[in-house]
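Encoded as structure tokens, the structure appears first; notes follow it.
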Amino acid sequence: MSPPVPDRILLDDPGLLLRWIASDPAELDFDRIDVCEIWGLVALATLGRRERGTLSIRETIGETGASRFAHALGLDEVVAGTPPIQVAEPERTVKLTRLRDFSAIEPAANQISRLLIARDDLADTRKAVSYVLVELLRNVLQHSQDDLGAVVAAQVRQRGSDRSGVQIAVGDAGIGIFKALAGMHPDLQSPEAALERALWPHLSGSFERGLTGSPSQSNAGLGLFFISEIAKLELGKLMISSRGATLILEGGEEPDQHGFRFLQPTGLGFPGTLVAFEIPLGEIADYEGLMGTIQRRAQERQPKRQVHHWLRFEAPPPTISPLLVRFICENTQAASETARELEPRLFRRDPVALDFRNIEICTQSFLHALLYAPLRLAWARQAPIYIVNAAPAVRSGLEFLESYALGG
Ligand SMILES: Nc1ncnc2c1ncn2[C@@H]1O[C@H](COP(=O)(O)OP(=O)(O)OP(=O)(O)O)[C@@H](O)[C@H]1O
Ligand SMILES: [Mg+2]
């Protein structure tokens with residue numbers, strides 16, 4: 001017999017559900033739950049995926065508010081298979097969805113954020129939400145080793161009398177962050193230490209501490225850093241629960257007054273990795289300014305060194321046709337392949353040109369996968385790289401890349 005599931009599953013008190021999950025329940029009777037926020041549904045759906053067979057979820061028949069909510073959000077479908085992304089209620093909820101292809105990440109993040117935040121006056125919040133979704137989904141596909149991929153969903157919700165907030169959640173049942181980091185960071189002694197370190201800029205399971213990337217890997221170690229900084233700077237909330245630890249970060253009125261704690265008892269963590277992120281709707285008034293601030297905050301934590309500029313933000317000579325980045329945007333696998341194709345050209349000192357037209361949101365991790373290695377090679381061989389049609393946020397991301405890729 002499984003112990004009873006908590007009747008209220010709220011991000012304000014995530015320990016209730018995580019402790020229940022830690023008791024290794026075999027069954028879930030959804031009709032016992034009164035209220036369940038989206039992160040709880042993502043957690044349960046991630047574990048309930050039928051192929052996995054770890055948690056059996058009884059059909060949601062809709063006797064309580066939470067079970068009606070689960071039903072509307074497609075819990076039964078996501079457990080059984082792979083429903084497409086759909087809106088459950090316009091501008092309120094996006095159904096639970098599975099995802100396991102790199103090429104599906106950018107369209108999914110774009111679609112979810114547009115379904116949820118349709119209003120034009122909230123475009124800056126929408127871009128940030130899309131950014132966070134891309135980074136979280138990519139982390140699952142790159143690092144979790146969960147062959148079923150990710151479960152994702154999103155919700156706009158009213159918190160008491162406060163403004164509404166957007167809550168998004170991404171889950172996997174994979175190896176967890178401690179194990180993913182342990183190989184390159186043998187000094188990490190505990191899951192808690194690993195979670196804290198995973199938020200540092202340029203900290204990745206793909207390369208050793210002290211580096212900012214590796215030529216053979218596409219990671220920058222910046223995904224979780226950007227997400228946690230958005231939470232700190234915009235009154236957001238971030239929960240990362242991953243095998244053996246759960247970290248909760250809450251933005252304060254001043255960026256450096258944020259709250260940071262681990263859930264008690266020590267050792268409590270989702271069996272896989274579960275990330276919930278929430279921000280007040282409309283809090284972000286200037287997406288580009290926010291990205292610039294986060295880039296500066298990352299630079300402040302780097303050892304001071306001379307900054308070199310190598311990228312040419314100008315039209316290339318007419319004989320060179322620029323490569324359109326739009327077609328591979330946010331697909332870091334395709335970006336790494338493109339990088340490998342550029343390298344022999346740069347080695348021969350042939351100029352290269354990239355066209356960033358029609359790209360509004362471009363994660364730092366994507367720019368890194370595309371250009372970290374080519375930029376270093378171009379600098380060493382003195383081969384020009386031209387950049388055209390980059391929106392201001394894309395250009396500042398490229399300049400930030402130069403600041404850490406080209407050692408002084
Ligand atoms: N879902 C996950 N499962 C397992 N490990 C994870 C997961 N998400 C993050 N990690 C670990 O945390 C590290 C830091 O993640 P982060 O997104 O900040 O950097 P990255 O993915 O290495 O680089 P980038 O995001 O810039 O491409 C990862 O390198 C990985 O070791
Ligand atoms: Mg990442």
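Miscellaneous remarks
- Residues in region 262-290 that are within 19 Å of SER164 (Cβ to Cβ) and assigned to a loop (DSSP other than H, G, I, E, B): LEU281, GLY282, GLU283, ILE284, ALA285.
- Answer from GLU106, GLU91 - the residue that is at positive phi and more than 13 Å from ligand 1 (Cβ to nearest atom): GLU91
- Residue in region 130-143 that is among the polar types (S, T, N, Q) and away from ligand 2 (no atom under 16 Å from the Cβ) present: no
- Residue among ALA118, ALA154 that is within 16 Å of LEU274 (Cα to Cα) and away from ligand 1 (no atom under 13 Å from the Cβ): ALA154
Matching residues to (1) of a type in the set (Lys, Arg); (2) at pLDDT 95 or above:
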| residue | (1), (2) |
| --- | --- |
| GLN333 | no, no |
| GLU341 | no, yes |
| ARG345 | yes, yes |
| ILE387 | no, yes |
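- Within region 18-70, being closer than 21 Å to ARG157 by Cα and surrounded by fewer than 18 Cβ atoms within 10 Å (Cβ to Cβ) holds for ASP34, VAL35, GLY62, GLY65, ARG68.
- Condition met for LEU238 (more than 8 Å from ligand 1 (Cβ to nearest atom) and not in a helix (DSSP H, G or I)): yes
- Qualifying positions in region 159-204 - away from ligand 2 (no atom under 16 Å from the Cβ) and under 23 Å from ALA45 (Cα atoms): GLY165, VAL166, GLN167, ALA169, ALA173
- Checking ARG126 against (1) at negative phi; (2) at pLDDT below 90, the condition it does not meet: (2)
- Region 205-235 - residue that is over 26 Å from LEU371 (Cβ atoms) and assigned to a helix (DSSP H, G or I) and, of those, farthest from ligand 2 (Cβ to nearest atom): LYS232
- Scanning region 245-260 for residues that are within 20 Å of the chain's Cα centre (by Cα) and part of a strand (DSSP E or B) turns up ALA245, THR246, LEU247, ILE248, LEU249, GLU250, PHE260.
- Residue within region 202-222 that is of a type in the set (A, V, I, L, M), near ligand 1 (Cβ under 10 Å from one of its atoms) and touching a residue at least 60 places away in the same chain (Cβ under 8 Å) present: yes
- Criterion violated by ARG243 - all others in (1) of a type outside the set (Gly, Ala, Ser); (2) within 16 Å of ligand 2 (Cβ to nearest atom); (3) in contact (Cβ under 8 Å) with a residue 40 or more places away in the chain satisfied: (2)
- Failed condition for SER164, given (1) closer than 22 Å to GLU330 by Cα; (2) at pLDDT below 95; (3) not β-branched (Val, Ile, Thr): (1)
- The one condition in (1) surrounded by fewer than 18 Cβ atoms within 10 Å (Cβ to Cβ); (2) closer than 23 Å to ALA109 by Cβ that PRO186 fails to fulfil: (2)
- Of the residues making up region 62-114, those that are free of Cβ contacts under 8 Å to residues at least 40 places away in the same chain, in a loop (DSSP other than H, G, I, E, B) and closer than 26 Å to ASP124 by Cα are PRO84, ILE85, GLN86, PRO90.
The values are calculated or read from the model by the stated rules, or taken from the named source; none is laboratory data. In this text, all values refer to a predicted model and were calculated from it rather than measured experimentally. Neighbour counts run over all protein chains shown; Cβ positions are idealised from the backbone, glycine included.
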